[in-house]
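Just so it is clear, none of the values below were taken in a lab; they were calculated from the coordinates. All of these numbers come straight from a predicted model, not from anything done at the bench. Cβ placement follows ideal geometry from the backbone for every residue including glycine, while neighbour counts extend to all protein chains displayed.
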Amino acid sequence: MDSLKAIVIGAGIGGLTTGIALLQAGYEVEVRDRVRELRPVGAGISLWSNGCKVLNHLGLGKKLAAIGGTMNYMEYRQITGDMLNHISLQPLIEEVGQRPYPVARRDLQQILLDTYLEYGGKLQLGAKCIGIMDSFRDVTAKFEDGSTLTADLLVAADGVRSQLREYILGDRIEPKYAGYVNWNGLVPMSSDLAAEDTWSIYVGDHKRASVMPVAGDRFYFFFDVPLPRGTVNQVDRYRDELRHHFQGWAEPVQLLIDRIDPETVARVDIHDVGPINKMVKGRVALLGDAAHATCPDLGQGGCQAIEDAWVLANYLKSTTVSVPDALRRYEQERKVRTTEIVNKARSRAEAIHGKDPEVTQKWYQQLATENPLDVTKAIAKIITGGPLH
């Protein structure tokens with residue numbers, strides 16, 4: 001019997017993980033992306049244990065450990081640098097059975113790409129999908145250059161500004177601005193910024209400045225500032241803007257601003273998508289940010305795309321009725337999980353970034369009095385809601 005074929009549109013974290021999972025499930029897979037060069041948006045990502053466990057299952061455990069930073073602690077500090085809370089992550093690791101890994105996005109994308117190609121997956125860049133024709137027997141993707149590709153299923157993993165989401169929903173949904181801008185990048189690790197095994201977060205004035213360790217003796221950093229939609233983005237002004245927004249903050253924050261290389265900094269207007277009521281139509285499934293882009297305030301965006309890939313491949317492998325039946329089961333399971341995450345991440349983004357200043361003030365007070373074990377238990381609850389408990 002011929003093996004089943006899958007088309008994946010989008011070569012990001014979700015698309016490549018899906019490619020690997022489907023290849024392991026016995027599918028022939030072709031990943032296509034409109035970009036001509038794979039350049040991940042954003043410098044780093046925190047992969048919590050639920051995402052790591054799926055990658056372990058797919059055989060990527062060692063590669064992941066090699067690119068992951070050693071994060072043993074989280075700490076929250078005030079603008080002055082005074083400690084609000086110091087949290088050991090050991091209780092979390094013991095509860096869920098897997099250490100979280102902060103990673104550079106480029107490193108993660110590279111190990112996913114290498115693994116996908118090692119398994120015999122095909123990849124074509126510069127291929128913009130402009131339409132889908134879904135029939136009872138198969139599905140055909142149409143591309144801008146006039147070419148077509150037919151398979152047994154199509155996975156739309158084409159990101160927050162998905163071109164294919166409308167096909168599934170029958171309606172255009174625009175990403176929703178979360179009210180803040182995020183600058184992020186990588187700097188050399190240095191003890192005058194933070195301890196090497198610690199995720200350090202400075203909070204105040206509805207803003208955040210943060211560093212976390214990734215492999216290669218580097219810190220992934222980010223700055224969050226609530227700003228009006230459409231605020232002008234000028235690379236040559238990044239340092240001056242950050243100095244302005246973080247004037248008077250503690251010395252490590254000032255040193256971090258001094259050390260950034262504006263040319264390598266990503267500046268992102270944070271948006272989310274959803275929750276949406278449909279992820280599947282016939283033989284076509286939405287996956288990752290195309291279905292449920294989340295504010296990054298729970299660190300679950302990448303993890304949810306990775307979970308999607310795992311659940312999708314499992315239903316295709318274990319459900320023998322039909323491809324559309326497997327996709328419906330995938331939708332049923334993932335809609336519940338991702339709706340909760342999207343909503344939780346948005347309300348956390350609003351609480352952190354001063355949508356209601358009183359709520360943000362209460363959060364600062366809570367940080368100072370919260371039992372570290374309550375923090376790790378709350379994180380563990382999110383992690384264990386995933387498909388691999």
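Once you reduce the range 155-182 and the range 70-130 to the center of their Cα atoms, the two points are 23 Å from each other. Within the range 98-152, the proportion of C-alpha pairs whose separation exceeds 16 Å stands at 63%. Between the helical axis of 301-318 and the longest alpha-carbon principal axis of the chain there is an angle of about 30 degrees. Net charge in the neighbourhood of residue 347 (other residues with Cβ under 14 Å of its Cβ; Lys, Arg +1, Asp, Glu -1) is +1.
Please report the net charge: other residues with Cβ closer than 13 Å to the Cβ of residue 239, K and R +1, D and E -1. It works out to a net charge of -2.
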